[in-house]
1. In segment 292-320, which residue that is among the basic types (Lys, Arg) and modelled with pLDDT under 95 is farthest from Leu190 (Cα to Cα)?
2. Just need a number here: residues in segment 280-316 that are touching a helix residue (DSSP H, G or I) at 6+ places or on another chain (Cβ under 8 Å), surrounded by fewer than 17 Cβ atoms within 10 Å (Cβ to Cβ) and either part of a loop (DSSP other than H, G, I, E, B) or not charged (D, E, K, R) (or both).
3. Can you name the condition, by its number, that Thr172 falls short on among (1) out of contact with any Pro (no Cβ under 7 Å at 6 or more places or on another chain); (2) surrounded by 17 or more Cβ atoms within 10 Å (Cβ to Cβ)?
4. Of the numbered conditions (1) in contact with a helix residue (DSSP H, G or I) (Cβ under 8 Å, 6 or more places away or on another chain); (2) assigned by TED's automatic domain parsing to the domain that holds Ser160, Met20 fails exactly one; give the number of that condition.
5. Listed residues Ile237, Ile248; which is touching a helix residue (DSSP H, G or I) at 6+ places or on another chain (Cβ under 6 Å), closer than 20 Å to Leu190 by Cβ and assigned to a helix (DSSP H, G or I)?
6. So which residues in segment 206-233 are assigned to a helix (DSSP H, G or I) and of a type outside the set (Phe, Trp, Tyr)?
7. Out of segment 406-419, which residues are surrounded by fewer than 15 Cβ atoms within 10 Å (Cβ to Cβ) and in contact (Cβ under 8 Å) with a residue 12 or more places away in the chain?
8. Out of all the residues in segment 237-259, is one or more modelled with pLDDT under 95, surrounded by 14 or more Cβ atoms within 10 Å (Cβ to Cβ) and closer than 20 Å to Ile128 by Cβ?
Amino acid sequence: MSQSTPSRKIHFISIGGSIMHNLAIELKRKGFVITGSDDEIYEPSRTRLASHNLLPAEIGWYPEKITADLEAVVLGMHARQDNPELLKAQELGLKVYSYPEFIFEQSKDKQRIVVAGSHGKTSITSMILHVLRYNQRKCNYLVGAQLEGFDNMVRLDEDSPMIVVEGDEYLTSPLDPTPKFLHYHPHIALISGIAWDHFNVFPTWEAYVKQFELLADSLPKAGVIIFDETDDMLDVIGQKERPDVTKIPYEAHPYKVVNGQTFLKTKTQGDVPLLVFGEHNMKNISGARIVCERLGITDEEFYRAIQAFKGASNRLELLGKNDQTIIYKDFAHAPSKVEATTRAVKEQFPKRKLVACAELHTFSSLNKTFMSQYRDKFEAADVAVVFYNPQTIEHKRLEPITEQDIRTAFRRNDLHIFTDSESLQEFLRSQSWQNANLLMMSSGTFGGLDLKTLAAEIVG
């Protein structure tokens, strides 16, 4: 399926997904005829699909779109097993791929590098791609965030010798309950850290950890596993004996912070200034450097390139600043990410008050049993704020939670808790922003709060 001609047709069931719509756009660029359906399409997928004339004319599922002349159907995780288009495809005996299976089909003859982990995988993948592009090395890729200088999150050129994939541990498709990353069959696997997530799919810590062990065990002879040795559980998985597999542990790259600026301390290139910061990013840089080294990038080439890396979209993204205040937003939505991001901002600006706000938005974070994983994760914040929308709990059909549940879980009595965006906004406006920073963390929208407008008000 590597050569394409304009007559080749592929249909996407759930075309609105973040990777699905990017894959659809890339295949159209390659000359495939693309159709798709979905029962809900949000931004930015909607606008991006529309700009490539791929937005379905009507929302919903239409079995008549599934015809015998389709070369393949790509099935997204958002669809259900009884999806009428899927049933029609099965009835016609069409080839149905999940997107990880399809990506593998397109990269069978390439060197495959997969970056996995509960946290850091998007940033590490982004760093690797930035360094490769900076040094004009050709590669295919799949990454879960928009990167500066990259017009799409998926690239599948025939002549690229390798593909770098952000490997997600979440389920593959309605027909396949195995993690996505097991379908890429990597030659090089990097695992950045393991912190329990996806409680709805992996109800125990052991079940969650097992998925990463399966990934490590799947490496072929002459394969390479690169892992964060400061993560106790990951160190056990990484150090396990595997015949003919190279083990490369890493830890945070040596660094220093001077007047709100982070520098890498290197033996050959001196102090290297960075645009990103935080110990978690120093670990990410270490992992990315090792991968790049395996791909033929010298230290000099790596350090020159990494200075210009601005970070992936929604990762410690600057919303506004003045002489007294800096405001960031971050995608942090799991306990380990909340802890790492909060610590990073406090370490970068130790003399400033830090107001940190996290939205409980995911299935896991709104689950009473899982919520205790947030214990002490807000220690670096001077003012700690939690926001959740009761409607989200209803929508996810979860047991209602109380303020006391949250206070107990976070183990912080001075926690400020809000359930509507207006009250949260008023609280933030009323704070003194003299020598103080604000950090907003969520995979949601804080109930529709306009963060850019709020940031503009605060910094003036």
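1. We begin by selecting, within segment 292-320, every residue among the basic types (Lys, Arg); these are 294, 304, 310, 315.
Narrowing further to those that are modelled with pLDDT under 95: 310, 315.
Values: Lys310: 21, Arg315: 20 Å.
Applying the filter and picking the extreme gives Lys310.
2. Start the filter on segment 280-316 by keeping residues that are touching a helix residue (DSSP H, G or I) at 6+ places or on another chain (Cβ under 8 Å), which leaves 280-281, 284-285, 287-289, 291-293, 295, 297, 299, 301-302, 304-306, 308-309, 311-312, 315-316.
Subsequent filtering for residues that are surrounded by fewer than 17 Cβ atoms within 10 Å (Cβ to Cβ) retains 293, 299, 304, 308.
Now narrow it down to the ones that are either part of a loop (DSSP other than H, G, I, E, B) or not charged (D, E, K, R) (or both): 308.
Selection size over segment 280-316: 1.
3. Unmet for Thr172, out of (1) out of contact with any Pro (no Cβ under 7 Å at 6 or more places or on another chain); (2) surrounded by 17 or more Cβ atoms within 10 Å (Cβ to Cβ): (1).
4. The number of the failed condition is (2).
5. On the way: Ile248 fails: assigned to a helix (DSSP H, G or I).
Checking each option against the conditions leaves just Ile237.
6. Of segment 206-233, the ones assigned to a helix (DSSP H, G or I) are 206-217, 232-233.
Residues satisfying the conditions are Glu206, Ala207, Val209, Lys210, Gln211, Glu213, Leu214, Leu215, Ala216, Asp217, Asp232, Met233.
7. Scanning segment 406-419 gives Arg411, Asp414.
8. Taking every residue of segment 237-259 in turn, at least one turns out to be modelled with pLDDT under 95, surrounded by 14 or more Cβ atoms within 10 Å (Cβ to Cβ) and closer than 20 Å to Ile128 by Cβ.
The values are calculated or read from the model by the stated rules, or taken from the named source; none is laboratory data. Keep in mind the model is a prediction, meaning the values are calculated, not measured. With ideal geometry, Cβ positions are generated from the backbone for all residues, glycine too; neighbour counts draw on all protein chains shown.
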